[in-house]
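Report on the structure given below.
Each value in this text was obtained by applying a stated rule to the coordinates, not by laboratory testing. This is a predicted model, so every value here is computed, not measured. All Cβ positions, glycine included, derive from the backbone under ideal geometry; neighbour counts span all protein chains shown.
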Amino acid sequence: MNQDALVVVTGASRGVGREAVRALAGAHGLNVLAVARDEGALRALRQVCSEGPGEVEVLALDLARPGAVDQVVHRVGRRRVLGLLNNAGLLRKRTFGAWTAEDLGALYHVNAHVPLLLVQALVDRLSGDPAGHVVNIGSMGGVQGSVKFAGLVGYSASKMALAGITECLAEELRDRQVRCNCLALGAVDTDMLREAFPGYQAPVTAEAMGREVARFLVDGHKFFNGKVLPMSLTTP
């Protein structure tokens, strides 16, 4: 394997993204470019991973800002990208009647537009042998037929868009040796979940889910392509 190859993880400073970086660099020995807004948290993550076989480099960046995708591409350079984990997400909760166009635009931009634009910008680096793997982190709230919750219509709709984008990308990239899947996560003990549902205790830790997401990024494309896969202990 190309020693300069790497995987790119967005939303890497906390929660599932942080734990996925730890597993990718540690258990899987991969080089990781960790992208997030919180520079201090990224430095701490790099230190935690410093004794593992994989190297972690960090990029403090707000993906919602203009030109952010270009900055990621510039940092990657000409290196081969084995995997892209689109984990960065935005959650806004509003009483129905209080939604604004700005709210919806922000949610769709971070949760749907940025993942698509990152894949488009990095497709040449993802193409090759072995096949590159794009994993989009969705939500059970964005799965048709799942339980929905008041106040999250904008968030859930943006995650539904991400699921549709995933299916479309698998077809768009079919001849480029790039595979794309979406993991629709259920309740995981993260800051985002606690913000949305104060007082609720999630049944899955961020560490446990991060390990599973990392494993899927490494191996899931050997079995799946263009799939939206629920990862939840609850039904429906």
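Before moving on, here are some points about what is shown:
- For the options Arg211, Arg75, Arg22, a Gaussian network treatment of the chain with springs between C-alpha atoms closer than 10 Å singles out Arg75 as fluctuating the most.
- Relative contact order, percent, the stretch 36-136 [alpha-carbon distance under 8 Å, six or more residues apart]: 32 percent
- Ordering of 58-71, 6-19 by burial proxy (mean other Cβ atoms within 10 Å per residue, highest first): 6-19, 58-71
- Normalising by residue count, the chain has a Cα convex hull of 118 Å³ per residue.
- Percentage relative contact order, the stretch 6-231, counting C-alpha pairs under 8 Å, at least six apart: 22 percent
- Equivalent-ellipsoid semi-axes of the stretch 85-215, from the Cα gyration tensor, Å, largest first: 27, 18, 11
- In units of the compact-protein estimate 2.2 N^0.38 Å, the stretch 139-197 shows a Cα radius of gyration of 1.31.
- The stretch 144-236: Rg to Rh, with Rh as the Kirkwood radius over Cα pairs: 1.00
- Chymotrypsin sites (Phe, Trp or Tyr not before Pro) restricted to the stretch 42-123 and DSSP loop, no more than 11 other C-beta within 10 Å: Phe96
- Once you divide the Cα radius of gyration of the stretch 16-63 by 2.2 N^0.38 Å, the number left is 1.01.
- Secondary-structure-derived ellipticity at 222 nm for the chain, considering helices only, amounts to -12000 deg cm²/dmol, per-run term -39500 (n - 2.57) for DSSP H runs with n ≥ 4.
- Neighbour-count order for Val114, Val204, fewest beta carbons within 10 angstrom listed first: Val204, Val114
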